[in-house]
Amino acid sequence: MMPAAVRRDNVPAMDPRDLTRPAARREAGHFLAEGPHLLEEALAAGAHVAEVHVARERAAPDGPFGPILRRAVDAGARIRAVSHHDISKLADTDTPQGIVSVVRTPAPPEDPFAVPGLWVVLDGVQDPGNVGTLLRSAEAFGARGAIQGTGTADAWGGKVLRSAQGAHFRLVLIDASGPGALDAALDSFAAKGGAVWGAAQEGDDVYSVAAVPPRLALVLGSEARGISDALRPRATRMVSVPQRGRAESLNVAMAGSILLSWLSGRPAGMR
């Protein structure tokens, strides 16, 4: 086994198995990144990788994970060779790839709305796959970041991370799931001149939108109920994706991706 550099200020003082729970992830300020791809993305983004747990049979310097483990060591991570059984306790996939990393959750900047741009507000989007897809689309279409509201699947959960394919490390993510946190975040956004729009079937055809505010937050609501009654009054405009077929509706990930694609390509200037 290769020598492991140790940066003790980077190591959470808890059993990493606890990080399978959202509340523990928030308390510790760390999350589990399963697989080599997410570790690669974390290292490329300069995220703080505290520990890398790797199955013993795959931990050899000349093994399949050799290059990525050397990069992790160079970045100050502690490498732990463990049993496949231990890996399975950290992983949330049926067939783990044999490597799970403990990564510090990136903190948003002190003034996240200082720079103009497009934001996504996730208002009770419960399905982790949908949340991950929306984060991936937001990053792909140049959004600044996403705000996670109450009832939304935890952005740092395993399925969300895998669905987003590294978008977490290229977006500003704000956890506003606590009491009053979403209102506070949107108040800060409004104080910077930001406008809030919502996605709703009865909204304006998004393809009729010719320009957007310099700072725009698009609210995407629950798969079953849409935007919550508490948040709907904040939206100054509702937009929708026109449908010509007979499907009742698009799911939130598909509709949100289309809306983001169009809105991100409109010139800024409309308030």
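The values are calculated or read from the model by the stated rules, or taken from the named source; none is laboratory data. In this text the structure is predicted, and so the values were computed from the model without any measurement. For neighbour counting, all protein chains shown are included, and Cβ atoms are generated from backbone atoms with ideal geometry for every residue, glycine included.
When restricted to residues that are touching a residue at least 40 places away in the same chain (Cβ under 8 Å) and hydroxyl-bearing (S, T, Y), the range 176-210 contains 2.
Only a single item in (1) over 16 Å from the mean Cα position of the chain (by Cα); (2) closer than 15 Å to V219 by Cα is not met by A191, and it is number (2). Among all positions in the range 231-249, there is no residue which is under 23 Å from the mean Cα position of the chain (by Cα) and closer than 24 Å to R25 by Cβ. The number of residues in the range 158-175 being in contact with a strand residue (DSSP E or B) (Cβ under 8 Å, 6 or more places away or on another chain) and either surrounded by fewer than 21 Cβ atoms within 10 Å (Cβ to Cβ) or touching a residue at least 60 places away in the same chain (Cβ under 8 Å) (or both) comes to 7.
If the requirement is being out of contact with any Leu (no Cβ under 8 Å at 6 or more places or on another chain), in the same structural domain as G129 (by TED's automatic domain parsing) and within 22 Å of V102 (Cα to Cα), which of these qualifies: K159, K192?
Details: K192 fails: within 22 Å of V102 (Cα to Cα).
Checking each option against the conditions leaves just K159.
For the condition under 16 Å from the mean Cα position of the chain (by Cα), buried (at least 22 other Cβ atoms within 10 Å of the Cβ) and assigned by TED's automatic domain parsing to the domain that holds S228, A199 does not qualify. Looking across the range 79-113, the residues that are in contact with a strand residue (DSSP E or B) (Cβ under 6 Å, 6 or more places away or on another chain), within 21 Å of W156 (Cα to Cα) and touching a residue at least 40 places away in the same chain (Cβ under 8 Å) come down to L90, A91, G98, I99, V100, S101, V102, V103, R104, T105, P108, P112. The single condition among (1) assigned to a loop (DSSP other than H, G, I, E, B); (2) of a type in the set (A, V, I, L, M, F, W, C); (3) buried (at least 23 other Cβ atoms within 10 Å of the Cβ) that L134 does not satisfy is (1). Residue pairs whose Cβ atoms lie under 7 Å apart, sitting 6 or more positions apart in sequence or on different chains, and linking a residue in the range 42-71 that is closer than 21 Å to Q165 by Cβ to a partner that is acidic (D, E) and surrounded by 19 or more Cβ atoms within 10 Å (Cβ to Cβ), do not occur here.
Elements of the type strands (runs of 3 or more DSSP E) sitting completely within the range 164-222 and holding at least 2 residues that are farther than 16 Å from V120 by Cβ: these cover 195-205.
Only a single item in (1) in a loop (DSSP other than H, G, I, E, B); (2) out of contact with any Lys or Arg (no Cβ under 6 Å at 6 or more places or on another chain); (3) surrounded by 22 or more Cβ atoms within 10 Å (Cβ to Cβ) is not met by T150, and it is number (3). Only one of the numbered conditions (1) among the charged types (D, E, K, R); (2) closer than 15 Å to V121 by Cβ; (3) at pLDDT below 95 is violated by R246, and that is (2).
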